1. In a loop (DSSP other than H, G, I, E, B), surrounded by fewer than 23 Cβ atoms within 10 Å (Cβ to Cβ) and in contact with a helix residue (DSSP H, G or I) (Cβ under 9 Å, 6 or more places away or on another chain): is that true of HIS109 in this structure?
2. Only one of ALA189, ALA253, ALA221 is within 15 Å of ALA119 (Cβ to Cβ), modelled with pLDDT of 95 or more and open to solvent by less than 30 Å² (accessible area, probe 1.4 Å). Can you tell me which?
3. What residue, among those in region 64-88 that are in a loop (DSSP other than H, G, I, E, B) and at pLDDT 95 or above, is least open to solvent (accessible area, probe 1.4 Å)?
4. Residues being of a type in the set (Ser, Thr, Tyr) and open to solvent by less than 10 Å² (accessible area, probe 1.4 Å): count how many of those fall in region 119-148.
5. Could you say which residue among LEU259, LEU274 is at pLDDT 95 or above, out of contact with any Cys (no Cβ under 9 Å at 6 or more places or on another chain) and farther than 22 Å from ALA189 by Cα?
6. Could you grab the pairs with beta carbons closer than 6 Å, sequence gap of 6+ or different chains, first residue in region 225-244 and without any contact (Cβ under 8 Å) to a residue 24 or more places away in the chain, second one open to solvent by less than 40 Å² (accessible area, probe 1.4 Å)?
7. List every residue pair whose Cβ atoms sit under 9 Å apart, with the two residues 6 or more apart in sequence or on different chains, where the first one lies in region 399-416 and is basic (Lys, Arg) and the second, anywhere, is open to solvent by less than 30 Å² (accessible area, probe 1.4 Å) and modelled with pLDDT under 70.
8. Considering each residue of region 23-59, count those that are assigned to a helix (DSSP H, G or I) and among the hydroxyl-bearing types (Ser, Thr, Tyr), and give that number.
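The values are calculated or read from the model by the stated rules, or taken from the named source; none is laboratory data. Since the model is a prediction, treat every value here as computed from it, not as a measurement. Cβ: placed from backbone, ideal geometry, glycine included. Neighbour counts: every protein chain shown. Ligands, DNA and RNA are excluded from the accessible area calculation, which covers all protein heavy atoms including side chains. Shrake-Rupley method; radii C 1.70, N 1.55, O 1.52, S 1.80 Å.
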Amino acid sequence: MDKNEFTLEPYRLHESRVIRDAIHGYITFEYLPIWQLIATTEVQRLRRIKQLGGTYMVFPSAEHSRFTHCLGVYETVRKMCALDAIDKHLNDYDKLTVMCAGLLHDIGHGPFSHTFEGAFHTNHEEMTRRMILEDSEVHRVLSSVHEDLPLDVANVIAHKASKPMIVQMVSSQLDADRMDYLLRDSYFAGVTYGEFDRSRILRTLRIKDDRIVFKYSGVQAIEDYILARYHMYYQVYFHPTARSYEHVFQLIAKRLTVLHEQGYHFQTHIQYLLPFISGEEMSVAEYEALDENVIYYYIGEMQNEADPILSDLCQRFINRHLFKYESINDASEIEEYRKKTIEKGLDPDYYVVDDQAIQVPYKHYGVGKHTGEIEILMEDGTISTLSDTSHIVNAILHSKPKIDRKVFFVRNSNWRKETDE
């Protein structure tokens, strides 16, 4: 079937379905393929993956899942497609493609989300594309609509769609992904740092030369969005106690890998972890089999392992006996902490962590031939960049990235003063 002749009408549900959501109110589903995708094992697995990794150790109510986030991104994309400014630039096939991409963009995340990628050296975007393109329930749903749909959805996630505006809707400086996670994470963390006027931003959205721009009247709302992202990173995402929890998890993964290489006999039957610590290519099915429920079970059992380092790290993870932290200026200060750790009879490779958090709140995010800067439609019809239009964003763009460097370590009660979390 020619994609330009494709129509969504045959796939329209007799009666639209809705899901209640804390951020969007109702999330609406009008078409059968989208509704079928939600029921796939790949999407349902996201119910068992936390959106914010270890952040709930600091903000206890932040236990929301990747599943709810993906629904929210889909809903934001759906609302974008309904805008007059976008509707006339996309055919029905384009709309279905980008709505599917919004829903599926994170299905490749592992347990504890980005923390897992650092621990086991995986890439969630690559795994997302594999889940879409290889044999999976998601692939079967998409290909049943059009044989090219799996590849076209995967290309949106890979930033390779033929129309830049389709990529921008899901992945750009100002996209459905960021708009949902800032509002959602802020709400569930119980903070207000991530709040901004999403409705105003969408109202000022326009299309110019097949890419998304925003009217000049929306600049202040966009400034609020940029600042919301900046504050969320340092107040929530980079909170040192959350990072301590994530470091313990990554050290468990490190110890597991080392012990496996040494031929250690695990008392715990770690079948579902073996593909990740062996370094071998894993199948989509092996990847999907691992979720946070499995991880928690394994770590709970490994508290009783004979290896003292693995046992101790697992006990710390389960019982929230995390590493302490202090701010440092450079790597030379780490040696003091390593020496003190050795004196306590501990291996500094597992009990001292040099941590550096860097956040650039606004940067070029390339799409196709364009730099990816947010573009502003001026009142005279010309196009300017946000950094040229906004003094606030210009100052951010040309400022040095904020670097927060800390050392995480196990504190001895007679060595330095306890640090508050």
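1. no
2. ALA253
3. Checked region 64-88; the qualifying residue least open to solvent (accessible area, probe 1.4 Å) is HIS64.
4. Number of matching residues: 2.
5. Details: LEU274 fails: at pLDDT 95 or above.
The conditions single out LEU259.
6. Every condition considered, no pair remains.
7. Taking only residues 6 or more apart or on different chains, the pairs are LYS402/GLN359; LYS402/PRO361.
8. Counting residues in region 23-59 that are assigned to a helix (DSSP H, G or I) and among the hydroxyl-bearing types (Ser, Thr, Tyr) gives 3.
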